[in-house]
1. So how far apart, in nm, are the two label points at B:HIS97 and A:HIS10 if each is 7 Å from Cα heading toward Cβ?
2. Could you work out how far helix A:25-35 tilts from the main Cα principal axis of chain A, as a 0 to 90 degree angle to the nearest 10?
3. In bins 10 Å wide, starting from 0, what share of all Cα pairs of chain A does each bin hold, as a percent?
4. How big is the gap, in Å, between the Cα center of the stretch B:73-110 and the Cα center of the stretch A:73-92?
5. Which GluC sites (Glu not before Pro) from the stretch B:4-98 combine a DSSP loop assignment with at most 15 other Cβ atoms within 10 Å?
6. Exceeding 31 Å between C-alpha atoms, which entries from my cross-link table qualify? They are A:LYS169/B:LYS11; A:LYS36/A:LYS218; A:LYS36/B:LYS105.
7. Mind giving me the FRET efficiency for B:GLU24 and B:HIS48? R0 is 25 Å, r the Cβ-Cβ distance, nearest 0.05 is fine.
8. Please identify the cysteines of chain B that lack any partner cysteine with a Cβ under 4.7 Å from their own Cβ.
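Just so you know, all these numbers are worked out from the coordinates, no wet-lab data involved. Since this is a predicted model, take the numbers as computed values, not measurements. Using ideal geometry, Cβ is built from the backbone for each residue, glycine included, and neighbour counts are taken over all protein chains shown.
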Amino acid sequence: MWQALRNELHPHGLEIVTIALDVDTEAARQWIEQTKPNHPSLIDRAHRVDELFGVINVPNGVWIDEEGMIVRPVEQAWPERDSAPDWQKMADSPDIPEQLRETLQLASHIVIQPKEYTSALRDWVVKGKASRYALPPQEVIRRSGPRGQAQAQAAAYFELGQFLWETGKRHLAPRHWREVHRLQPDNWTYKRQAWSLADPFQGQSELYDSCWVKDVKKIGAENYYPPLNLSPPSAK
Amino acid sequence: MILKTLDIDPKDFESRTGWAIKPEGACKGEVCVPLPAGAISGARLDAHMLSERLGMPLIHDADAKVWCLGPEAMGRALTTAHAPELVLPDYQGKQFHLSSLRGQKVLIVTWSSW
């Protein structure tokens, strides 16, 4: 997905690092091998970037400058694609399994901003610090998501559940992941990871109170990705 | 971070959370939080003390006998704009350090197979 943009911008000093949030390493590895990436392609089984950077969904991006300073915190990060999937058309197809139809209908209402995002990225790669999209440190911290007790606890419960899942105590994981969903309902990587392990379609299972369709309906599909904030830093 | 005991090695604590133990206290980027004198001189850190001072939730699974110390709850997801060190395996299993890209601009971007 990122290969073309990476090849375009790498000669100008940008590296792209893709990070798969996947408890199941093998699933991610198979996808990556098909694309033969020439940029770092990492696997984050414990969703550690949620804790370290404030990631809440996929795809989420963070910009880091040459000195190791974050200049844009977590936000939706879509590349431009030659052909985006037509979710509505897929939802209308008679061949679609019934349990997927509603998911696809909702997906067709999700709002993404690939044009705005990639044009901001190109601007930064060319202009560096002078780019209006490169934010000063205080603004980066201010625009990073909230981290109160609830979000910090969610990160801890997710990690504990993931550790148990990975060390042969899978039956102990869901009760911690249920806590995660209660504590940080707007973190979709935590929720979708747990749902996907209970049901490949992320539908309703007996393990969790919620599922993708139910939770997306609750907030409205158009709010699934918070809109990019491309305005300059607010005045003091 | 996952804990089997409530005594934490400061080196492990730093590499996992980004908080370094210095004479002035626990520091991440430009932020330093004072710690009790004993905590700094001792070889091990007490998880309860770190939990209290840094606002890190400490949770426990009694059946599995493990604890987990969560990230600092200081209001925002980022306590500092200094990028944390991130060490993760690449898809061939080789450890990759995000800091190895210093000197270049970097976009990190998440995706998943689910």
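1. 2.2
2. Roughly 50 degrees between the two axes.
3. 7, 27, 36, 24, 6, 0
4. Centre-to-centre distance over Cα atoms comes out at 26 Å.
5. For GluC sites (Glu not before Pro) across the stretch B:4-98 that sit outside H, G, I, E and B with at most 15 neighbouring Cβ atoms in 10 Å, the list reads B:GLU24, B:GLU30, B:GLU85.
6. Table pairs above 31 Å Cα-Cα are A:LYS36/A:LYS218.
7. The value I calculate is 0.75.
8. When partners are defined as cysteine Cβ atoms under 4.7 Å apart, chain B leaves B:CYS68 without one.
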